[in-house]
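To start, the structure itself, in structure tokens.
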Amino acid sequence: MEKLRIIIEKSSDYYSAYAENCPGIYGAGENVAATKEDIMKGLELFIKTAPELPDILKGDYEIEYHLDVPSFLTYYSAIFSKSALERITGINQTQLSHYVSGFRKPSKSTVKKLDNAIHQLADELSQVHFV
């Protein structure tokens, strides 16, 4: 199954999105949820109006969202406090604040560290069942 890679990035006053591996699909919104909705509308419009569909959209595909670090930290701030993220990732709270504000940009190794820690937590939580 193909993966349609949607990149979501935070700018100073809104979020933008685009399909990394399928040019012509764009969206924007005030937050990540609104941006996801808008990119889906953009995808529907693209499918209806494109003279010829790219190969990735001809068969079965799934959508995979990729957020930049500031977008992730802002979007999930109500779920993950900076102290919780520090415990999960080992990344200092002050450093996390710098990433949200745009004062600093995380290195590739820091992005990978955050990505691995969040996915490890998700894997662990997916194995939890309540009785």
Worksheet item: Which residues, taken from the range 31-51, are under 18 Å from Ser77 (Cα atoms) and either free of Cβ contacts under 8 Å to residues at least 12 places away in the same chain or of a type outside the set (D, E, K, R) (or both)?
Response: Asn31, Val32, Ala33, Ala34, Thr35
Worksheet entry | Scan of the range 85-114 for residues that are open to solvent by 70 Å² or more (accessible area, probe 1.4 Å) and closer than 17 Å to Leu67 by Cα, ordered by number | Ser101, Arg104, Lys105, Lys108, Ser109, Lys112, Lys113
Practice prompt. Have a look at Tyr26, Tyr65, Tyr61, Tyr75 and point out the one that is over 22 Å from Ser11 (Cβ atoms) and out of contact with any Cys (no Cβ under 8 Å at 6 or more places or on another chain).
Written response: Tyr61
Worksheet item: What tally of residues in the range 54-84 results from selecting those that are at pLDDT below 95, surrounded by fewer than 16 Cβ atoms within 10 Å (Cβ to Cβ), aliphatic (A, V, I, L, M) and within 19 Å of the chain's Cα centre (by Cα)?
Response: 2
Discussion item. Just to be sure before I move on: is Lys36 over 21 Å from Lys112 (Cα atoms), more than 15 Å from the chain's Cα centre (by Cα), among the basic types (Lys, Arg) and in a helix (DSSP H, G or I) in the structure I sent?
Written reply: no
Practice prompt. Would you please name the residue that is most open to solvent (accessible area, probe 1.4 Å), looking only at residues in the range 1-19 that are within 21 Å of Leu73 (Cα to Cα) and of a type in the set (D, E, K, R)?
Written response: Asp13
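The values are calculated or read from the model by the stated rules, or taken from the named source; none is laboratory data. Owing to the predicted nature of the structure, the values given are computational and were not obtained by experimental measurement. Note: ideal-geometry Cβ built from the backbone for every residue, glycine included; neighbour counts use all protein chains shown. Just the protein is used for accessible areas: all its heavy atoms, side chains included, with ligands, DNA and RNA removed. Shrake-Rupley method; radii C 1.70, N 1.55, O 1.52, S 1.80 Å.
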